[in-house]
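What follows is a set of notes on a single structure, which appears directly below.
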Amino acid sequence: MPLTKEALLGMYRRMLTIRHFEEGITELSRQGLVPGTGHVSIGEEAVAVGACSALGEKDYIISTHRAHGHLLARGADIKVILAEVLAKATGCTGGKGGSMHLSDFNRYILGTNGIVGAGINIAGGVGLAIKMRQTGQVCLGFFGDGAANRGTFHEGLNLAAVLKVPTVFLCTNNQYGMSMPQSRACANTDISARANAYDMPGYRVDGTDVAAVYEAVKSAVDRARKGDGPSLIEAVSYRLRGHSMRMDQLPGGSDYRPKGEVEDWTARKDPIKLFRQKLKELGYLTDQEAGQIDAECQKLFDDALDFAQSSPEPGPETAFQWVYAQEGVK
Ligand SMILES: Cc1ncc(C[n+]2csc(CCOP(=O)(O)OP(=O)(O)O)c2C)c(N)n1
Ligand SMILES: [Mg+2]
């Protein structure tokens, strides 16, 4: 069924919310207000929103170090996420995890992970738990092109296929792993082609086209829910910012990219610009409405910032909290 006007506008709004959030924290990081670092997904918003829009309410996601977009696309509370990025006690892990350790169990977001490639296997394991419990859910595991070169990729996909678990493996190929171009790290840059080795469907989609991502993920989710096993999707996009906010602040921090490459992708393939254009062509959006949505999404960030900045820092008494499981506490 084609997406309705309301669904498409909702997706546009979520993409813009992610963009404002990540532009906002980039500025905060420049001002020294973000402890540690963080990895923004500017240019990759169509992957997060297209994929999460194809999930049912109770489907799980597992994510990576570059996760704000996935959390926001899945409906996590922007205030709680921003508070965590700013290491405040009101954040989702009480301000102790920061940008790379986000979760929202009420929204079936089981966590993000700074260990590249580790989430692939967790997503397969969650799929196995779903299958054993027979709950009819699906688990979507996000990972990057760099992660696809770790051994966990082979182990995770092979076992998931053997056990026929309801997991969708979604690789965001943003064409870089830190400063390493994918073309120098992969003999065959088509990651989706590896699906053949695991006897599962593989799809390669334009990751700057939110509807294309949605369609591919939807068919993989439908297949998983029917009990037909996992799929591999590769969403080809581009990281419009540096590897991390901190790396971008270093002199020459993005010198590893060919001159003009970022500018070219920004001009031609910014997923938000492309989607706005498409919505206008469909007659679903005017310039005035686009301006209004933009202001509303900016306000979501501004309100979240007020909340986070007026929140306390975690107290020293919380340092050992959640280190070990407590009896009777889930
Ligand atoms: C096991 C492991 N090795 C190396 C690192 C350092 N590291 C952090 S992010 C990253 C690049 C990951 O690239 P990719 O999977 O393409 O994700 P992207 O950053 O492009 O979103 C690396 C090597 C790490 N965190 N974990
Ligand atoms: Mg990458």
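The values are calculated or read from the model by the stated rules, or taken from the named source; none is laboratory data. Everything quoted here is computed from the prediction, not taken from an experiment. Cβ coordinates were reconstructed from backbone atoms using ideal geometry, including for glycine residues, and neighbour counts include every protein chain displayed. Only protein heavy atoms, including side chains, enter the accessible area calculation; ligands, DNA and RNA are left aside. Shrake-Rupley method; radii C 1.70, N 1.55, O 1.52, S 1.80 Å.
Residues checked against (1) crowded, with 20+ Cβ neighbours inside 10 Å; (2) touching a strand residue (DSSP E or B) at 6+ places or on another chain (Cβ under 8 Å); (3) assigned to a loop (DSSP other than H, G, I, E, B); (4) free of Cβ contacts under 8 Å to residues at least 24 places away in the same chain:
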| position | (1), (2), (3), (4) |
| --- | --- |
| 8 | yes, no, no, no |
| 12 | yes, no, no, no |
| 19 | yes, no, no, no |
| 22 | yes, no, no, no |
| 26 | no, no, no, no |
| 34 | yes, no, yes, no |
| 40 | yes, no, yes, no |
| 49 | yes, no, no, no |
| 87 | yes, no, yes, no |
One residue is enough: does the stretch 237-248 have a residue meeting the conditions closer than 26 Å to residue 54 by Cα, more than 16 Å from ligand 1 (Cβ to nearest atom) and either touching a residue at least 40 places away in the same chain (Cβ under 8 Å) or touching a strand residue (DSSP E or B) at 6+ places or on another chain (Cβ under 7 Å) (or both)? no
How about the stretch 180-211: which of its residues are buried (at least 17 other Cβ atoms within 10 Å of the Cβ) and among the acidic types (Asp, Glu)? 206, 209
Any idea how many residues of the stretch 235-284 are more than 21 Å from residue 144 (Cα to Cα) and basic (Lys, Arg)? 6
The one condition residue 73 fails out of (1) more than 15 Å from ligand 2 (Cβ to nearest atom); (2) open to solvent by less than 20 Å² (accessible area, probe 1.4 Å); (3) more than 11 Å from the chain's Cα centre (by Cα); (4) on the phi < 0 side of the Ramachandran plot is (3)
Flag if residue 45 is at negative phi and surrounded by fewer than 24 Cβ atoms within 10 Å (Cβ to Cβ): no
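Would you pick out the residues in the stretch 51-65 that are touching a strand residue (DSSP E or B) at 6+ places or on another chain (Cβ under 8 Å), in a loop (DSSP other than H, G, I, E, B) and either open to solvent by less than 10 Å² (accessible area, probe 1.4 Å) or away from ligand 1 (no atom under 16 Å from the Cβ) (or both)?
55, 59, 63
Filter the stretch 307-329 down to residues that are surrounded by 12 or more Cβ atoms within 10 Å (Cβ to Cβ) and either of a type in the set (Phe, Trp, Tyr) or under 25 Å from the mean Cα position of the chain (by Cα) (or both), then give me how many there are.
4
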Within the stretch 116-125, is there a residue that is small (Gly, Ala, Ser), surrounded by fewer than 17 Cβ atoms within 10 Å (Cβ to Cβ) and touching a residue at least 40 places away in the same chain (Cβ under 8 Å)? no
Any idea how many residues of the stretch 20-58 are under 19 Å from residue 237 (Cα atoms) and either in contact with an Asp or Glu (Cβ under 7 Å, 6 or more places away or on another chain) or polar (S, T, N, Q) (or both)? 6
Within the stretch 120-138, can you find the residues that are in contact with an Asp or Glu (Cβ under 7 Å, 6 or more places away or on another chain) and not in a loop (DSSP other than H, G, I, E, B)? 121
In the stretch 238-263, what residues are open to solvent by 70 Å² or more (accessible area, probe 1.4 Å) and in a helix (DSSP H, G or I)? 246, 249, 263
Out of the strands (runs of 3 or more DSSP E) lying entirely within the stretch 149-237, which hold 3 or more residues that are within 16 Å of ligand 2 (Cβ to nearest atom) and within 29 Å of residue 253 (Cα to Cα)? 167-173, 231-236
I need every pair where a residue in the stretch 139-160 that is open to solvent by 30 Å² or more (accessible area, probe 1.4 Å) has its Cβ under 7 Å from the Cβ of a residue that is more than 16 Å from ligand 2 (Cβ to nearest atom) and part of a helix (DSSP H, G or I), sequence separation at least 6 or different chains. 155/121; 158/198; 159/124
